[in-house]
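Written below as structure tokens is the structure these notes are about.
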Amino acid sequence: MKRLKIMASTLLMLSAISFTSCTDYFERPPFDSLEDSEYWQTEEHCRTYSYGFYPTFFNGYGTSGLIGGSSFGNGDTFNDDIAWNVQGEFTPIRVPDSDSGWDFGVIRKANYMIEKVQTVPGLSEEALNHWLGIGRFFRGMQYANMVFGYGDVPWYDARLDASDRDAMFKDRDPRTEVDRKIMEDFQFAMDNVRTNDGDLVINRYVVAAMVSRLALREGTFLKYHNIDAALGNEMIKMSREAALIVMQSGLFSVSPDYNALFSSDDLAGNPEVIFYRKYLGGTLTHCVLTYNNAEAQTGANRALLESYLTDDGLPVHLDANWDPQTADEFFAGRDPRLTETFRTKYYVRGEDCTPFNYSTSGYSMCKFMDDTQATSEDQKYRGQNNETDCPLLRYSEVLLNYAEACYELGELSQSDLDASINLIRRRNGMSIPDLQMLGNQPGVNGTAYDDPKRDPDVPAMLWEIRRERRVEMCFEGLRYSDLKRWKKLDYMCNETNPDIRYGAYIRYSDYPKANRTEVYIDGGAEEGFILCNRGTARKAPEAKNYVKPIPKDQIQLYEDNGYKLTQTKEWMDEE
């Protein structure tokens, strides 16, 4: 089976295009005019132009602990999974002077592509619609991200003439109107992008997998923020239909080896990987593996690790006698993904943690590392020389999107669970019983249950679907957006979720070299949970924390040209 990957050679080609000499650049005709008259001649020109979008939407790992545009070290961890010693405020705190996110360059680029592929001589109708679909897919993704960030945004579906000032300085269009345009773009792409256009490029299944993510994200945001429940349901239906395109293709399955998804030098042929970024030594590398191996970690919190089920499929807190005092007791009899994600001993600051390093919470991440290579002298396991491929879209996420969409539409059945979450639970080596629907309650082995730690605002079955997502997709860049769309940023606050302050339960007598200043047990006791956050607690989220303001420079730019750009309503009192 052919797998899709973003090849280093493609990115190098783009780099070569991007970094030609300044002299050459300024001696050339305007870029648009060069392409108008000479560039758009063959289908290959369409393909090459499309590569320029890949780094924007599929960036993969980075050289500072980056994962999918967020950082395992200190970016994607702005959520409820990490035990920060200092809890940063929701940002921005005030209206910024500028914001690089309010940028329509990608929109213009996509509109340019959509316009120009229609001028390529000799394209068949199938080829034309494929490339129109690719362009509309990119435009839809960019607008989906802008809407999720800012809410209302001006919609542009064609390149602007510099003389058309009314269009150039138009005010924001309503979020819901833009959402409908996004849906049109996504539907066209799913209908027309090829199912296979080669090993190195986007195809229909990549499109559908991404649509299943983005349509669910926006649909649930509209629902839980009481913006437009009907449109929200339409988008959730689109997410489900997109997931089914992937599921019914027969091309993908859940990988038998969870850890190998994140620690392999080559993901070609992995049945779960829909799209990935390829890394090559000396050409394109990253350092996520090094961070797992050698660097001190800002550790995960107690709440995250206790969200992993026991191996009988039940929440740990259903057992009144569950009170693990050691790492061995804590990790025993749990969902196998727990020990594929975290090491089975505590790595405490001050102790000898060889061959790894300490974690501030004691819980040490190993998800992106093959620990058998921890002492290897091979330089690809050191510094910024890591070569492991980055899975950008996984089949398991599509299955999770499908299950959640079915629930949100009020149409979840046992067969839906068996076609989604239970396929993940049956991954080779896992011993978790199937999730069952027993009335409207979750259950295993014919017994219904209700997690004592469940948020009372979240129905029990939905709680389990969200738990499965949190565990399966841990530190893959989705948790913050999930909390935002569910209107649950309060999970990041001590008052709502006190367990986010804590790490592992330890006895100082078991860790005699522990740095007691840094490894502080709550109340100054000799044993207990490591209290990571002793400083100021994060304030509860406000409505403005779910949507970004328009930066001051853009408001001023409109005013200077005689137009008005409306500020985000949640931020109007902050100017």
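The values are calculated or read from the model by the stated rules, or taken from the named source; none is laboratory data. Nothing here was measured: the structure is a model prediction, and the numbers come from that model. Cβ atoms come from the backbone with ideal geometry, glycine included; neighbour counts cover every protein chain shown.
When you go through Ser239, Ser212, Ser253, Ser263 one by one, which is the residue that is of a type in the set (Ser, Thr, Tyr), within 19 Å of the chain's Cα centre (by Cα), within 30 Å of Thr339 (Cβ to Cβ) and modelled with pLDDT of 95 or more? The conditions single out Ser212.
For segment 562-574, does any single residue satisfy the condition of being in contact with an Asp or Glu (Cβ under 9 Å, 6 or more places away or on another chain), of a type in the set (Lys, Arg) and at pLDDT below 95? For segment 562-574, residues in contact with an Asp or Glu (Cβ under 9 Å, 6 or more places away or on another chain), of a type in the set (Lys, Arg) and at pLDDT below 95: absent.
In segment 27-73, of all residues being modelled with pLDDT of 85 or more and in a loop (DSSP other than H, G, I, E, B), the one that is surrounded by the most Cβ atoms within 10 Å (Cβ to Cβ) corresponds to Gly60. Filtering Asn233, Asn196 for residues that are touching a residue at least 40 places away in the same chain (Cβ under 8 Å), surrounded by fewer than 21 Cβ atoms within 10 Å (Cβ to Cβ) and closer than 27 Å to Leu128 by Cβ leaves a single hit, Asn196. For Pro355, the test of being out of contact with any Leu (no Cβ under 8 Å at 6 or more places or on another chain) and of a type outside the set (Val, Ile, Thr) is passed. If you filter segment 305-326 down to residues that are touching a strand residue (DSSP E or B) at 6+ places or on another chain (Cβ under 8 Å) and closer than 17 Å to Lys367 by Cα, you find that the one that is surrounded by the most Cβ atoms within 10 Å (Cβ to Cβ) is Leu305. Cβ-Cβ distances below 6 Å connect the following pairs, each with a first residue in segment 143-166 that is surrounded by fewer than 20 Cβ atoms within 10 Å (Cβ to Cβ), a second residue that is small (Gly, Ala, Ser), and a separation of six or more residues or different chains: Gly149/Gly101; Leu160/Ala167.
Taking segment 493-519 as the range and being out of contact with any Lys or Arg (no Cβ under 6 Å at 6 or more places or on another chain) and more than 17 Å from Ala300 (Cβ to Cβ) as the test, the residues that pass are Glu495, Thr496, Arg507, Tyr508, Ser509, Asp510, Tyr511, Pro512, Lys513, Ala514, Arg516, Thr517. For residues in segment 90-114 being surrounded by fewer than 15 Cβ atoms within 10 Å (Cβ to Cβ) and touching a residue at least 24 places away in the same chain (Cβ under 8 Å), which is farthest from the chain's Cα centre (by Cα)? Here the answer is Asp97.
Those strands (runs of 3 or more DSSP E) of segment 350-454 in which 3 or more residues are aliphatic (A, V, I, L, M) are absent. Among residues of segment 322-333 that are free of Cβ contacts under 8 Å to residues at least 24 places away in the same chain, those with a beta-carbon under 7 Å from a residue that is surrounded by 15 or more Cβ atoms within 10 Å (Cβ to Cβ) and assigned to a loop (DSSP other than H, G, I, E, B) at least six positions away or on a different chain give the pairs Gly333/Asp311.
Let's see how each residue does on (1) surrounded by fewer than 23 Cβ atoms within 10 Å (Cβ to Cβ); (2) touching a Ser or Thr at 6+ places or on another chain (Cβ under 8 Å); (3) free of Cβ contacts under 8 Å to residues at least 24 places away in the same chain:
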{"site": "Asp266", "(1), (2), (3)": "yes, no, no"}
{"site": "Gly269", "(1), (2), (3)": "yes, no, no"}
{"site": "Val273", "(1), (2), (3)": "no, yes, no"}
{"site": "Leu284", "(1), (2), (3)": "yes, no, no"}
{"site": "Leu289", "(1), (2), (3)": "no, yes, no"}
{"site": "Asn292", "(1), (2), (3)": "no, no, no"}
{"site": "Ala300", "(1), (2), (3)": "no, yes, no"}
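Among the residues of segment 460-487, the one identified as more than 18 Å from Leu309 (Cβ to Cβ), in a helix (DSSP H, G or I) and of a type in the set (Asp, Glu) is Asp482.
Does Ala209 meet the test of being touching a Ser or Thr at 6+ places or on another chain (Cβ under 7 Å) and surrounded by 20 or more Cβ atoms within 10 Å (Cβ to Cβ)? In short, no. For segment 294-313, a residue qualifies if it is within 24 Å of Asp434 (Cβ to Cβ), among the polar types (S, T, N, Q) and assigned to a loop (DSSP other than H, G, I, E, B), and exactly one does: Ser307.
Does Lys513 satisfy the criteria of being of a type in the set (D, E, K, R), in contact with a Gly (Cβ under 6 Å, 6 or more places away or on another chain), modelled with pLDDT of 95 or more and assigned to a loop (DSSP other than H, G, I, E, B)? In short, yes.
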